[in-house]
Amino acid sequence: MAQQIQTNSPFSVVFLLHIALDVPMAIQGLWSPLKLPFLQMSNTTLVFIKLYAALTAGSCIAALLVFGLPEFLPGKRALAIMLCFYHVTCSTILYNAPRFIPHSFGAFAESWRATPEVVWGTLHGLVGLGFAFWWQATVHIAAAMARATKSQ
């Protein structure tokens with residue numbers, strides 16, 4: 001009797017977390033980027049925000065499409081690595097960015113360096129870590145499917 005391999009993991013929820021974090025920026029950036037709470041916006045900045053929003057919207061659509069697919073598919077795994085790199089890079093950029101969002105969480109939060117940029121960077125870092133965790137938690141599924149394919 002053939003061994004049954006579990007092909008879906010509950011850790012795939014990280015794809016939905018990516019969507020939850022990035023879709024607001026994608027929608028706002030595409031429809032009305034001037035209403036984003038950023039300092040010193042220029043025409044060049046608006047073009048780059050729209051380009052970034054289009055790329056982000058595309059990654060959200062791709063994440064939604066692969067969410068329910070089996071974990072061993074190379075396309076899902078490639079998208080996960082891309083999103084992991086994207087989120088950890090965004091995290092690093094936002095941690096090192098000067099203040100560009102003119103909002104504050106209050107004096108107490110500011111004393112702990114909890115600015116909007118740092119909080120946003122932390123969220124990106126956690127989602128990036130989530131993708132790395134998903135990869136490690138599902139690598140055995142991909143390996144089992146590779147062995148099952150070779151044995152046939």
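Of the conditions (1) farther than 29 Å from L36 by Cα; (2) not in a helix (DSSP H, G or I), W135 clears all except one; give me its number.
(2)
Step by step: first the residues of the stretch 1-15, then only those that are among the hydrophobic types (A, V, I, L, M, F, W, C) and open to solvent by 60 Å² or more (accessible area, probe 1.4 Å), then the one that is nearest to F72 (Cα to Cα). Which residue is that? Please lay out each step first, then the result.
So the first thing to find is which residues in the stretch 1-15 are among the hydrophobic types (A, V, I, L, M, F, W, C), and the list is 1-2, 5, 11, 13-15.
Checking the rest, the ones that are also open to solvent by 60 Å² or more (accessible area, probe 1.4 Å) come to 1-2, 11, 13.
Working: M1: 22, A2: 18, F11: 13, V13: 16 Å.
The selected residue is F11.
From (1) without any contact (Cβ under 8 Å) to a residue 60 or more places away in the chain; (2) open to solvent by less than 80 Å² (accessible area, probe 1.4 Å); (3) under 17 Å from P10 (Cβ atoms); (4) under 12 Å from the mean Cα position of the chain (by Cα), pick out the condition that doesn't hold for A57.
(3)
Out of the residues in the stretch 25-64 that are in a loop (DSSP other than H, G, I, E, B) and among the polar types (S, T, N, Q), state the one that is nearest to K76 (Cα to Cα).
First pass over the stretch 25-64, keeping only residues in a loop (DSSP other than H, G, I, E, B): 32, 36-42.
Those left that are additionally among the polar types (S, T, N, Q): 32, 40, 42.
Details: S32: 31, Q40: 38, S42: 37 Å.
Step by step, filter the stretch 25-64, then rank; the result is S32.
For the stretch 94-131: of the residues being open to solvent by 20 Å² or more (accessible area, probe 1.4 Å) and among the hydroxyl-bearing types (S, T, Y), which is farthest from D22 (Cα to Cα)?
Filtering first and then ranking leaves S111.
The values are calculated or read from the model by the stated rules, or taken from the named source; none is laboratory data. Source: prediction; values computed, not measured. Please note: Cβ atoms are built from the backbone with ideal geometry, for glycine as well, and neighbour counts cover all protein chains shown. Side chains are part of the model used for accessible areas, which takes the heavy atoms of the whole protein and leaves out ligands, DNA and RNA. Shrake-Rupley method; radii C 1.70, N 1.55, O 1.52, S 1.80 Å.
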